[in-house]
Amino acid sequence: MCMVIFAPIFAICAFATCGGYYGHLQVKVDCAGRRPTNLSINIDFGYPFRLIDVHFKAPLCEAKREEIIFLDGDFSSASQFFVTVGVFAFLYSLLATIVYVFYQNNYLKNNRGPLVDFVVTSIFSFMWLVSSCCWAKSLSDIKTATNPTQVLLLISACRAHENKCTATQEPLWSRPNTSVVFGFVNVVLWVGNIWFVFKETGWYKTGQRYPTRSASGKRHSEMRQRLYIGSSFEQPDEGYGPQLSRQGSFNQQVNRQVSFNESQVSLSLPHAYLGKPVIYDRDNKVASQGPMIIVNEM
């Protein structure tokens with residue numbers, strides 16, 4: 001349920017903060033030997049961060065003409081991959097919400113729904129991890145490529161020591177930094193949701209239905225079964241007073257203890273010897289002698 005509630009929200013925050021970003025950079029070039037003029041240069045860039053297509057015009061102080069300069073780097077693949085994963089994760093989480101709420105019986109039928117959900121959730125967890133790492137690395141490179149110091153080095157007039165070049169405005173990175181944070185939050189959210197989806201699959205239910213028992217557990221269960229069978233024949237009749245019920249419970253405990261001791265102690269019968277029986281007449285005289293039974297004392 002955590003994915004149903006939070007996954008769409010964090011997915012929107014992730015791809016919206018990345019896909020809707022626009023940066024603005026402003027530098028100023030003052031050529032030596034010329035009267036002060038407005039030589040501010042505005043540089044705008046944004047998603048998908050294909051900086052090789054971003055260009056601006058810079059003045060040449062030696063002559064009254066301008067040069068066209070392009071920024072370095074193409075980071076569109078990482079940013080577009082991150083946004084694509086966020087959009088598809090948002091759509092799938094909405095679909096999962098509808099299925100959980102309105103089609104719960106069909107979802108659990110034949111165990112197909114939980115298995116598909118488990119596989120898709122695992123895939124999205126991996127995709128979020130890869131896309132977030134790639135986007136974090138690309139954002140670091142974008143910051144380097146749009147650093148005012150790096151941009152000023154691309155201008156020919158700024159490489160001369162007599163000219164003065166300064167950065168009057170730097171881009172704000174709060175939104176792309178937030179997108180990276182939301183990306184890793186989605187990683188934690190989807191990875192944690194794997195366990196909850198796994199509990200709905202047949203793999204988890206099969207393991208719970210047939211738990212493995214150790215040898216000691218089997219011995220304890222057999223002993224309990226013996227005690228239960230021995231005590232089931234000695235239940236007191238209903239209708240007796242509380243004293244009889246207490247006495248009956250006490251007898252049950254005693255009988256259980258006795259049955260337990262009898263199961264552990266092996267009894268042996270005394271040795272017997274069959275002799276010839278002796279027959280006496282009326283005068284108590286021995287008339288005949290048959291087999292006799294002689295019992296040895298233990």
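Excluding ligands and nucleic acids, what accessible area in Å² is computed for Ile5 using a 1.4 Å probe, to the nearest 10?
90 Å²
Karplus couplings for segment 138-152 from phi (6.51 cos²θ - 1.76 cosθ + 1.60, θ = phi - 60°), rounded to Hz, Gly and Pro as x?
5, 5, 5, 5, 5, 4, 5, 5, 9, 5, x, 5, 5, 5, 5
If I ignore ligands, DNA and RNA and count only protein heavy atoms, how much of Trp195 is accessible to a 1.4 Å probe, in Å² to the nearest 10?
Number for this one is 120 Å².
Is there a pair in Lys143/Lys164; Lys28/Lys64; Lys28/Lys57 whose C-alpha atoms are over 21 Å apart, and which pairs would that be?
In this structure, Lys143/Lys164 lie more than 21 Å apart at Cα.
Could you calculate the FRET efficiency of Leu154 with Thr97 from 1/(1 + (r/R0)^6), where r is the beta carbon distance between them and R0 is 30 Å, rounded to 0.05?
Using R0 = 30 Å, I get an efficiency of 0.05.
Multiplying the sequence separation of Ser174 and Ser40 by 0.36 nm and subtracting their Cα-Cα distance, what value in nm do you get?
Length gained, Ser174 through Ser40: 45.8 nm.
The values are calculated or read from the model by the stated rules, or taken from the named source; none is laboratory data. Quantities reported herein were computed from a predicted structural model and do not represent experimental measurements. Note that each Cβ is placed from the backbone with ideal geometry, even for glycine, and that neighbours are counted across all protein chains shown. SASA here: full protein model, heavy atoms, side chains in, ligands and nucleic acids out. Shrake-Rupley method; radii C 1.70, N 1.55, O 1.52, S 1.80 Å.
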